[in-house]
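Written below as structure tokens is the structure these notes are about.
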Amino acid sequence: MLRYIITTRLAKIRWSIGWSLYHELDLPMDKVGSIIKSTDADPWHYGSIQDRRRRGEVISTMDWIVKHVPKDELIFEVGCGCGANLIWLAQHGYRHLTGTDRSSSAISAATQLAELARQSITFRVADGFIPSGNNISVLMALNSIYYAPIDMSKYLTSCRDRLASNGHVIFDMIDRAFDQMPKNRYLTDDWRLPENQRRPTQYVVRISPKELSEQATKAGFKTMINNLSGAKRPPRYLAVLRMD
Ligand SMILES: C[S@@+](CC[C@H](N)C(=O)[O-])C[C@H]1O[C@@H](n2cnc3c(N)ncnc32)[C@H](O)[C@@H]1O
């Protein structure tokens, strides 16, 4: 806890003098806060930008993209929230970036944050996790698709049809091992409450790496990488599916 307080204070000092670390956004956090507040976007997005370096699934995905994806290819994020991942990629040289989210306030914040960063990124309001358009090199869905009751097999087939021939899908997924945890049926925020006051779980899709790999093969993906590091609580993994 003490370590967290100290690193957060140090981060505030760094941001006040315009010094951001590699995985952070190069943006003044006071202006980020004002935009998120004024658009009425969920305050979660501010915390997620502030704590970006601690989000394992985000860091691994950004590192994987920088290592494997040329700067001029199309990267599409569904459930992009306030667009932090796409803004970070733009600040690292990516030029064809599109993000969608069902929340109009999140998209309004994303648009204003991209303007603040002086980056050109297409943001649109759209419900669902199937991207529009085609020839997508990387389809990203971070911290999002397990919140909606998708049929994974149909979902992967729809994604495949929108990817470039050498395209990839990257998402984090809740492992079915979560089913073994005693309170898995309840919203994690409510776990400390008496049982009759707990709301249902937010993690409505859970799939083991083996099941996902089988479904990906059926949908026409050739390989699946699932050994990248990422957040582990609740039990989850990051999957990269490749078309070729
Ligand atoms: C936890 S946030 C993650 C945002 C971003 N991907 C990130 O990693 O910072 C989840 C996002 O998914 C969006 N979302 C949830 N259900 C959705 C749906 N059915 N269609 C589109 N977006 C959805 C929410 O509005 C929210 O912005």
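Scanning region 105-152 for residues that are over 19 Å from His45 (Cβ atoms) and touching an Asp or Glu at 6+ places or on another chain (Cβ under 6 Å) turns up just one, Ser137.
Looking at Ala231, Ala239, just one residue is closer than 21 Å to Ile65 by Cβ and part of a loop (DSSP other than H, G, I, E, B), and that residue is Ala231. Has region 176-183 got any residue that is in contact with an Asp or Glu (Cβ under 7 Å, 6 or more places away or on another chain), hydrophobic (A, V, I, L, M, F, W, C) and on the phi < 0 side of the Ramachandran plot? There is no residue in region 176-183 that is in contact with an Asp or Glu (Cβ under 7 Å, 6 or more places away or on another chain), hydrophobic (A, V, I, L, M, F, W, C) and on the phi < 0 side of the Ramachandran plot. Do we have any residue at all in region 136-148 that's within 16 Å of the ligand (Cβ to nearest atom) and surrounded by fewer than 16 Cβ atoms within 10 Å (Cβ to Cβ)? Scanning region 136-148 turns up at least one residue that is within 16 Å of the ligand (Cβ to nearest atom) and surrounded by fewer than 16 Cβ atoms within 10 Å (Cβ to Cβ). Residue count for region 189-202 under the criterion of being surrounded by 15 or more Cβ atoms within 10 Å (Cβ to Cβ) and either touching a residue at least 12 places away in the same chain (Cβ under 8 Å) or aromatic (Phe, Trp, Tyr) (or both): the result is 2. Residues of region 14-50 that are β-branched (Val, Ile, Thr) and at pLDDT 75 or above: Val32, Ile35, Ile36, Thr39, Ile49.
Condition check ((1) more than 19 Å from Asp244 (Cβ to Cβ); (2) within 15 Å of the ligand (Cβ to nearest atom)) across all residues:
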{"residue": "Leu156", "(1), (2)": "no, no"}
{"residue": "Asn166", "(1), (2)": "no, no"}
{"residue": "Asp175", "(1), (2)": "yes, no"}
{"residue": "Tyr186", "(1), (2)": "yes, no"}
{"residue": "Thr201", "(1), (2)": "yes, yes"}
{"residue": "Val204", "(1), (2)": "yes, yes"}
{"residue": "Lys210", "(1), (2)": "yes, no"}
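Hey, among the residues in region 115-135 that are within 10 Å of the ligand (Cβ to nearest atom) and either closer than 11 Å to Thr98 by Cβ or of a type in the set (Gly, Ala, Ser) (or both), which one's surrounded by the fewest Cβ atoms within 10 Å (Cβ to Cβ)? The residue in question is Gly128.
The values are calculated or read from the model by the stated rules, or taken from the named source; none is laboratory data. Model, not experiment: these values are computed from the prediction. Every residue, glycine among them, receives a Cβ derived from its backbone with ideal geometry; neighbour counts consider all protein chains shown.
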